[in-house]
Amino acid sequence: YCTLINVKDYDDSLRVEHGLEWVSLNELPELYSDHKLMIRNAIAQIRRRINHEPLSFKLLPDLFTLTQLQHVFEAVIGEEIDKRNFRKRVKDIDFIEKTELIDKVNSKRGAALYRFNKKAYEEDPSFNLK
């Protein structure tokens, strides 16, 4: 099994208590037996799923910018995405709703804020960002 977690919801005391540490997927240490293969398989599974399931919305705040959404996708797939193509595809997805709100904290000009509409997704779960 594998999952994505939002580190903001993560209780770091468990990591400390058990002497564990976060490591970059690009810098994995030596691991026991087939654990490196298990990690590679989990990464491949998440990378396939993120294009067809709304996994990324669990990693974002309730209101997010398209740049934030794009950064989540880029982090998961491990490569940069063309900004224009990404935005064009996202705007065709009914369950990503543009709000009337503007983010002026993280953007000089102000970026539109969006939200994930779970009800709209459940009514039509077709999702493909590839």
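FYI, it's all coordinate maths here, none of it is from the lab. Quantities reported herein were computed from a predicted structural model and do not represent experimental measurements. All Cβ positions, even for glycine, are placed from backbone atoms using ideal geometry, and neighbour counts span all protein chains on display.
3J(HN,Hα) along region 16-33: 5, 4, 9, x, 9, 9, 7, 9, 6, 5, 7, 9, 5, x, 4, 10, 5, 6 Hz, from the Karplus curve 6.51 cos²θ - 1.76 cosθ + 1.60 with θ = phi - 60°, whole Hz, x for Gly and Pro. Pick from ASN106, ASN117, ASN26: which is most flexible by mean-square fluctuation in a GNM of the chain where alpha carbon atoms under 10 Å apart are linked? Among ASN106, ASN117, ASN26, the largest mean-square fluctuation in the Gaussian network model of the chain belongs to ASN26. Structure remark: mean-square fluctuation, Gaussian network model of the chain, C-alpha springs under 10 Å; the largest value among LEU20, LEU66, LEU113 belongs to LEU20.
For ALA112, nonlocal amide neighbours, meaning residues 5 or more places apart or on other chains whose placed amide H falls under 5 Å from its own, are ASP103. Averaged over residues, the count of other Cβ atoms within 10 Å places the peptides 75-87, 47-59 in the sequence 47-59, 75-87, highest first. Projecting the Cα atoms of GLN45, VAL90, VAL76 onto the dipole axis of region 7-123, where Lys and Arg carry +1 and Asp and Glu carry -1 at the beta carbon, places VAL90 farthest toward the positive end.
Need the C-alpha centroid separation for region 50-101 versus region 1-49, integer Å. So the two Cα centres are separated by 22 Å.
Based on alpha carbons, the Rg and Dmax found for the chain are 16.9, 52 Å.
Subtracting the Cα-Cα distance of ASN106 and ALA75 from their residue separation scaled by 0.36 nm leaves 9.3 nm. Backbone amide hydrogens, once placed in the peptide plane, bring LEU60 within less than 5 Å of nothing, excluding anything fewer than 5 places away on its chain.
The charge dipole of the chain, taken about the Cα centre with unit charges on the Cβ atoms of Lys, Arg (+1) and Asp, Glu (-1), comes to about 680 debye, rounded to the nearest 20.
Here the contact order of region 7-123, divided by its residue count and restricted to Cα pairs under 8 Å and six or more residues apart, works out to 20 percent. As a quick test, which of the pairs LYS91/LYS118; LYS83/LYS119; LYS36/LYS58; LYS8/LYS83; LYS98/LYS118; LYS8/LYS119 have an alpha carbon distance above 22 angstrom in this structure? In this structure, LYS83/LYS119; LYS36/LYS58; LYS8/LYS83; LYS8/LYS119 lie more than 22 Å apart at Cα.
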